[in-house]
Amino acid sequence: VQLQASGGGLVQPGGSLRLSCAASRSLFSINSSGWYRQAPGRQRELVALITSGGSTNYADSVKGRFTISRDNAKNTVYLQMNSLKPEDTAVYYCSARISTSVYWGQGTLVTVSS
């Protein structure tokens, strides 16, 4: 599966962005889709996950601010990010797990700065 991420950019603290991840195959064939991020000098970390059944999971640091969702008709997973903080600055990657294989999209840079 190929994943195409988009939507990153520069935003002021308190602002919002929506990331998109378009998959090359039906989301119903994907066990789970997720967003990860990697800040400079830090390890990649899970931000949010959504399963094929619609269950979601979030990192504690983004709960209440970020929302992961999907549009099955468009084979696209979204990450709505509100109340952004400077510490949210990172390269964000989308991922898809099919059975035991994990696929990654290219990263999209999110910079939160005034």
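What follows is calculated from the coordinates using simple rules that are stated; it is not laboratory data. None of the values given here were measured: they were computed from a predicted structure. A quick note on method: Cβ atoms are made from the backbone with ideal geometry, for glycine too, and the neighbour counts reach across all protein chains shown.
Using a 10 angstrom Cβ neighbour count of at most 11 plus a DSSP loop assignment to flag exposed trypsin sites (Lys or Arg not before Pro), which longest range of the chain is free of such sites? Don't skip to the end; give the middle numbers.
Values: sites that count: Arg42, Lys63.
Longest gap between qualifying sites, sites excluded: 64-114.
Among Gly41, Gly15, Gly64, the largest mean-square fluctuation in a Gaussian network model of the chain (Cα springs under 10 Å) belongs to Gly41. Taken over the chain, the convex hull of the Cα atoms encloses 91 Å³ per residue. Please report the spacing between the Cα centers of segment 63-98 and segment 7-44 in Å, no decimals. So the two Cα centres are separated by 4 Å. Rounded to the nearest 20 debye, the dipole size of the chain about its Cα centre is 120 debye, using +1 on the Cβ of Lys and Arg and -1 on the Cβ of Asp and Glu.
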